[in-house]
Amino acid sequence: MKVGIIGTGYVGLPTGVGLAELGNDVVCIDREQSKIDRLKTGKITLFEEGLEDLFNKNMQAGRITFTTSMKEGVENADVVIIAVGTPPHPVTKEADMKYIHAAATELAEYLQGYTVVATKSTVPVGTGDVIEGLISKKNPNADFDVVSLPEFLREGFAVHDFFHPDRIVVGANTERAEKVIRDLYKPFEGKTNMLFVKRRSSETIKYASNAFLAIKIHYINEIANFCEKSGADVYEVAKGMGLDSRIGPKFLNPGPGYGGSCFPKDTHAMAYMGRQNGINLSLIQAAIDGNAQRKKEMAERILETVKGIDNPKIAVLGMAFKDGTDDCRESPAMEIIGELINQGADITAYDPKAQENAKLLVGDKIHYGKDMYDVLKDADVLAILTEWKDFKALDLNRAKTLMKNKKIVDLRNLLDAAQAREAGFEYQGIGR
Ligand code: NAD
């Protein structure tokens, strides 16, 4: 099939590469000239495990091309996928729809023949109707249907998740559109759950899922706090809870709070939609408030360890919002770093993949190390903020010789607490 994808970010690019690998003829469109220039010359623009190889393979096979021209990507396409950002509105925190509205308006004039316009971006309930209206207004003769096709990939596992989705949810209001999407996803038939629902249900499924996961993370973080006071071990508790099939073992990992480009913005957007509809979504609001507070508390924990030290130096490992990605958007690590900067801390940080993106956010307000040992020189405390597996292999004896004071605050419980203490560190993990 011929597929046009609008937006080549963390969703659009892996989706485009994945659909090309399945044999489709894919054109990726982005309004950012510099991104398209890089992609055209075979340079990948974001880090995702396994993406670069697949990208090169499909570029060479001529199954995927890149352009800034909406016309090139949309005319003749059987399916046009919208994968532009829906960031939080700076004031109300509702989903800011300006990129969606622009994309829908821009694509309208180039539609030729029957086309399915599918929204992969996470969009407020009712957006399908809005897109339909925008396209019809600009191009009254267009023959098209708008489908909701929410994306559930996890950053860091985008390629894996494209080929092994837990489920494919499709919100189609016509049989004709449903058939086109069934054809597009034929390779997954019988291999995963395909759920065809009303468009508004599909739009709601995405928000309801992300809000639920955010609540689950916030819940285990609160239980971790309780374990610290009560003498229990949050991992033993999580294991015991997770064996109950009604609860399940996933998303019961305590940490510094949820972050990333989805959970924070989607919980805010869902809470906003609740208010607009006169519905009290109190659990979601509690997760939003508690999660914001948690990051402040985590920064306080780190500062507490260097209380009384003149001009303390803080070494930070990890800036990405989680391992496996270079994405720093709404990263708990970056928010904690921000709190520490506000308290005048002298920070040297390192991240194996996200350093460049972090620099765009905090610039020269902190120093950057060239590897995980470089940041430790003369440090008074080491704060581990992202769960990169490399950090697990930290040589504690080497770390000890580099640091001035031997303190570790491990907000990802990456290190072995007993080993760290045996090596002479004052070690604090989470929830035990
Ligand atoms: P992103 O910011 O990484 O990428 C969006 C891209 O769209 C940018 O490259 C931008 O230049 C481009 N763009 C914006 N307007 C355009 C236009 N009119 N024409 C052409 N290109 C345009 O965003 P993302 O992280 O890929 O997220 C996209 C959507 O997918 C969001 O709604 C997000 O909530 C949703 N989503 C994201 C994830 C994730 O893990 N990142 C997972 C599921 C769903």
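The table for this structure:
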item: The range 137-151: number of residues that are within 16 Å of the ligand (Cβ to nearest atom) and surrounded by fewer than 16 Cβ atoms within 10 Å (Cβ to Cβ); result: 1
item: Cross-chain or 6+ apart pairs with Cβ under 7 Å, the range 210-235 first and part of a helix (DSSP H, G or I), then aromatic (Phe, Trp, Tyr) and surrounded by fewer than 18 Cβ atoms within 10 Å (Cβ to Cβ); result: 213/251; 216/251; 217/251
item: Given (1) in contact with a Lys or Arg (Cβ under 8 Å, 6 or more places away or on another chain); (2) crowded, with 21+ Cβ neighbours inside 10 Å, index of the condition residue 193 fails; result: (2)
item: Residue check, residue 73 assigned by TED's automatic domain parsing to the domain that holds residue 159, crowded, with 19+ Cβ neighbours inside 10 Å and over 24 Å from the mean Cα position of the chain (by Cα); result: yes
item: Condition check for residue 203: within 16 Å of the ligand (Cβ to nearest atom) and in contact (Cβ under 8 Å) with a residue 12 or more places away in the chain; result: yes
item: Verdict on residue 337 being touching a His at 6+ places or on another chain (Cβ under 8 Å) and without any contact (Cβ under 8 Å) to a residue 60 or more places away in the chain; result: no
item: Selection count where residues are part of a loop (DSSP other than H, G, I, E, B), within 11 Å of the ligand (Cβ to nearest atom) and of a type in the set (S, T, N, Q), scope the range 59-89; result: 3
item: Pairs with Cβ under 8 Å, 6+ apart, first in the range 98-115 and open to solvent by 70 Å² or more (accessible area, probe 1.4 Å), second of a type in the set (D, E, K, R) and part of a helix (DSSP H, G or I); result: 109/138
item: Residue tally, condition more than 30 Å from residue 177 (Cα to Cα) and among the small types (Gly, Ala, Ser), over the range 42-82; result: 2
item: Members of the range 1-58 that are of a type outside the set (D, E, K, R), assigned to a loop (DSSP other than H, G, I, E, B) and within 11 Å of the ligand (Cβ to nearest atom); result: 7, 8, 9, 10, 11, 45, 46
item: Which numbered condition residue 92 fails, given (1) touching a Phe, Trp or Tyr at 6+ places or on another chain (Cβ under 8 Å); (2) assigned to a loop (DSSP other than H, G, I, E, B); (3) open to solvent by 60 Å² or more (accessible area, probe 1.4 Å); result: (3)
item: Flag if residue 293 is surrounded by 17 or more Cβ atoms within 10 Å (Cβ to Cβ) and either without any contact (Cβ under 8 Å) to a residue 24 or more places away in the chain or under 20 Å from the mean Cα position of the chain (by Cα) (or both); result: no
item: Any hit, the range 247-254, residues being without any contact (Cβ under 8 Å) to a residue 24 or more places away in the chain, surrounded by fewer than 17 Cβ atoms within 10 Å (Cβ to Cβ) and in a helix (DSSP H, G or I); result: no
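Let's see how each residue does on (1) open to solvent by 20 Å² or more (accessible area, probe 1.4 Å); (2) in a helix (DSSP H, G or I); (3) touching a residue at least 24 places away in the same chain (Cβ under 8 Å); (4) not assigned by TED's automatic domain parsing to the domain that holds residue 154:
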position: 266; (1), (2), (3), (4): no, yes, yes, yes
position: 269; (1), (2), (3), (4): no, yes, yes, yes
position: 283; (1), (2), (3), (4): yes, yes, yes, yes
position: 304; (1), (2), (3), (4): yes, yes, no, yes
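The values are calculated or read from the model by the stated rules, or taken from the named source; none is laboratory data. Everything numeric here is computed off the predicted structure, so don't read it as measured data. We place every Cβ from the backbone using ideal geometry, glycine too, and count neighbours over all the protein chains shown. Heavy atoms of the whole protein, side chains included, go into the accessibility calculation; ligands, DNA and RNA do not. Shrake-Rupley method; radii C 1.70, N 1.55, O 1.52, S 1.80 Å.
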